[in-house]
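Q: Just passing along the structure, written as structure tokens.
The values are calculated or read from the model by the stated rules, or taken from the named source; none is laboratory data. Source: prediction; values computed, not measured. Cβ sites come from the backbone with ideal geometry, for glycine too, and all protein chains shown count toward neighbours. SASA here: full protein model, heavy atoms, side chains in, ligands and nucleic acids out. Shrake-Rupley method; radii C 1.70, N 1.55, O 1.52, S 1.80 Å.
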Amino acid sequence: MENRYAIILAAGKGTRMKSKLYKVLHPVAGKPMVEHIINRVIETKPTEIVTIVGHGAEMVQEQLGERSQYVLQAEQLGTGHAVMQAAQFLEGKQGTTLVISGDTPLLTAETLDHLIEYHQGKQASATILTADAADPTGYGRIIRDHVGIVDRIVEQKDATDEEARVTEINTGTYCFDNEKLFEALKKIGTDNAQGEYYLTDIIEILKADGEIVAAYQTKDFEESLGVNDRMALAEANRLMRARINRQHMVNGVSFIDPDSTYVDADIEIGSDTVIEAGVQLQGNTKIGEDCLIGAHSRIVDSQIGDGVKVYASVIEESIVKNAADIGPYAHLRPQAEIGERVHIGNFVEVKKATIGADTKVGHLTYVGDAILGKDINVGCGVVFVNYDGKNKHQTIIGDNSFIGSASNLIAPLTIGEHAITAAGSTITDDVPVNGMGIGRARQVNKADFAKKFPYLNDSLKD
Ligand code: UD1
Ligand code: MG
């Protein structure tokens, strides 16, 4: 098979974004734009990938890692200049080169494959990926001659009124004969409105040399959306979200209101799970089958088993096993591991704690740095007092124990199996198996004492 190369243009600052973050690192569906690009490029199986970096070079390199080679474009003199930088890796090599911008995150690998096939079929020196745009503002226009053959690309800023009315746009993705690409790049100048080396000028140069230039038009303009400002970023997120949600629905997941459900790229969801409105599923998250993810829940970097119900809760870096239920208004913080059929109720916070199967933590409780066994009942308002101001300490509770409401469990602490803590206790010492810990002042009743406070109650009994 012939060699195939890919060049990703990612050196621009993205001035129009007005951002401290470099453009290609802005996230779409939870992943930097350039991450989407490299994943699609890899799917086309190139033998070498070269990414042109400039603004934010280190951060872009950190993002893409060893999946690409890098060239620094120290000064951003235009897209043509950017591609020229790849000469040190690719010049003179035989094969086909895909050039793609780091700011077109919606392009699919399927479209890239079609472009490459079309290019090879036409035996062209260059093939432009084009699309028909309802509003072509900001894009380069494809100018064809009277028989429809591509003549050149004109940038918005250099276009005449007539040229600006053309709706076929340059997506910024191309296929080139690699040797001819680097030959022709040497002839690009800066005689244009922006004083830049435009990659788009290469079309005219190749044509003047008698080379075949082709254009492959995708049916879907939305795929080629180029993100240059925040409006386009929002639009790219909207389109990507619709694509992601649609795929989950095809796979058998129900969405009550897909337009207001925010599922990042590469999240797995099992069939017959129902996702309600306003849900955010982020990062490296996996949801099992037959779950209900209730309205306004946010789940980040977590693994959720089958048949789990989550109501209006936040779950971060945690594991929730089958048939557990969480919330409403619970917060699972990093390293919470919730066992099968566990009930975590309202206003419960869990951090770095393992909770065994069938245990119930129903109301207003903080569980931090703890290991709880199976079938434990944790009453209302229990505080795992894990922090002495300097260090965190652990609490261990054995199976089948009963933690009375409003207990303060002062760690480090071990409570044995089948043990009890009396409601309202401050437990500072370990409680043995089958034992009861009670740590509270004895109650004293004072007869008629309330009469001293008539203003508290004007209907006191005589
Ligand atoms: C470019 C095309 C335009 C096309 C549009 C599609 C040119 C001259 N214009 O315009 O025809 O319709 O993309 O989205 O090519 N970059 C560098 N180094 C540079 C300049 C840019 O690496 O010196 C990178 C940017 O980071 C970006 C990509 O190249 O990822 C495209 O640059 P951008 O400034 O977004 O070009 P557009 O104005 O969108
Ligand atoms: Mg752009």
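Q: At 222 nm, what value in deg cm²/dmol follows for the chain if DSSP H runs of at least 4 each add -39500 (n - 2.57) and the sum is divided by all its residues, to the nearest 500?
A: Roughly -5000 deg cm²/dmol at 222 nm, from the helical runs in the chain.
Q: Follow-up. Let me cross-check His26: its accessible surface, 1.4 Å probe, with only protein heavy atoms counted, in Å² to the nearest 10?
A: Solvent-accessible area, nearest 10 Å²: 10 Å².
Q: List the residues whose amide H sits under 5 Å from the amide H of Ile415, counting only those 5 or more places along or on another chain, with H placed 1.01 Å from N in the peptide plane.
A: Ile396, Ile397, Gly398, Val431
Q: Got a sec? What order do Thr428, Thr365 fall in by accessible area at 1.4 Å, biggest, i.e. largest, first?
A: Details: Thr428 80, Thr365 5 Å².
In descending accessible area the options line up as Thr428, Thr365.
Q: Calculated FRET efficiency, Val250 and Leu21, Cβ-Cβ r, R0 35 Å, to nearest 0.05?
A: Calculated transfer efficiency: 0.60.
Q: Could you sort the peptides 75-82, 189-196 by per-residue average Cβ neighbour count (10 Å cutoff), highest mean leading?
A: So the order, starting with the most tightly packed, is 75-82, 189-196.
Q: Could you sort Tyr70, Tyr174 by their accessible area in this structure, using a 1.4 Å probe and putting the largest first?
A: Tyr70, Tyr174
Q: Using amide H atoms built 1.01 Å from N in the peptide plane, name the residues 5+ places from Phe255, or on other chains, whose amide H lies under 5 Å from its own.
A: Ile275
Q: Please give the per residue volume of the convex hull enclosing the alpha carbon atoms of the chain, rounded to a whole number of Å³. Numbers along the way, then the final one.
A: Details: hull volume 102.5 nm³, N = 462.
Taking only Cα atoms, the chain has a hull volume of 222 Å³ per residue.
Q: Count charges around Ser260 for me, please; just the other residues with Cβ under 14 Å from its Cβ, Lys/Arg as +1, Asp/Glu as -1.
A: 0
Q: For a test of the definition: using alpha carbon positions, the gyration tensor, and the 1.5 limit on a/c, classify segment 4-224 as rounded, prolate or oblate.
A: Rounded.
Q: Determine the gain in length on full extension of the stretch Ala134-Asn284; use 0.36 nm per residue of separation and subtract their C-alpha separation, reporting nm with one decimal.
A: Roughly 50.4 nm would be gained on extension.
Q: State, to one decimal in nm, how far the label point of Lys13 lies from the label point of Tyr329, with both points 7 Å from Cα in the Cβ direction.
A: 4.7 nm
Q: Here's another thing I want to ask about it. Please work out the average accessible area per residue across segment 332-462, using the 1.4 Å probe convention, and give it in Å².
A: Value returned for segment 332-462: 57 Å² of accessible area per residue.
Q: Could I have the simple spin-label model distance between Lys451 and Gln217, label points 7 Å from Cα toward Cβ, reported in nm to one decimal?
A: 9.8 nm
Q: Here is a further query. Given axes a ≥ b ≥ c from the Cα gyration tensor, I'd like to know whether segment 164-221 is rounded (a/c under 1.5), prolate (a/b larger than b/c) or oblate. Spell out each step's value before the answer.
A: Working: a/c = 1.99, a/b = 1.22, b/c = 1.64.
Because a/c hits 1.5 or more and a/b fails to exceed b/c, segment 164-221 counts as oblate.
Q: Here is a further query. Please compute the length gained on full extension between Ala295 and Glu162, using 0.36 nm multiplied by the number of residues separating them and subtracting their Cα-Cα distance.
A: Residue separation times 0.36 nm, minus the Cα-Cα distance, leaves 42.8 nm.
Q: Right, next: In terms of modelled amide H atoms, which long-range or inter-chain residues lie less than 5 Å from the amide H of Tyr216?
A: Result for Tyr216 returns Ile128, Leu129, Thr130.
Q: Any idea of Ile256's accessible area? Nearest 10 Å², probe 1.4 Å.
A: Surface accessible to solvent at Ile256 totals approximately 110 Å².
Q: Need one number: % antiparallel among DSSP beta bridges in segment 332-462, to the nearest 5.
A: 5 percent
Q: Just to be sure I understand: if I project the alpha-carbon convex hull of segment 187-269 onto a plane and average over all orientations, what area do I get in nm²?
A: 8.8 nm²
Q: Same structure again: Consider a paramagnetic label point 7 Å from the Cα of Glu117 along Cα→Cβ; state which residues of segment 170-188 have an amide N under 19 Å from it.
A: Counting backbone N atoms under 19 Å from the label point, the list is 174-176.
Q: Give me the net charge for the shell around Glu337: Cβ to Cβ below 10 angstrom, other residues only, Lys and Arg +1, Asp and Glu -1.
A: After counting each charged neighbour, the total is +2.
Q: How much net charge surrounds Ile52 when only other residues with a Cβ under 15 Å from its Cβ are counted (Lys, Arg +1; Asp, Glu -1)?
A: Spelling it out: positives minus negatives among the neighbours equals -3.
Q: Can you tell me the relative contact order of segment 332-462? Whole percent, Cα pairs under 8 Å, sequence separation 6 or more.
A: Averaging sequence separation for qualifying contacts and normalising by length gives 14 percent for segment 332-462.
Q: So what does Ile149 come to for accessible area, using a 1.4 Å probe and Å² rounded to 10?
A: 80 Å²
Q: For segment 332-462, which whole-number percentage of the solvent-accessible area (1.4 Å probe, protein heavy atoms only) is attributable to carbon and sulfur atoms?
A: Result for segment 332-462: 52 percent of the exposed heavy-atom area is carbon or sulfur.
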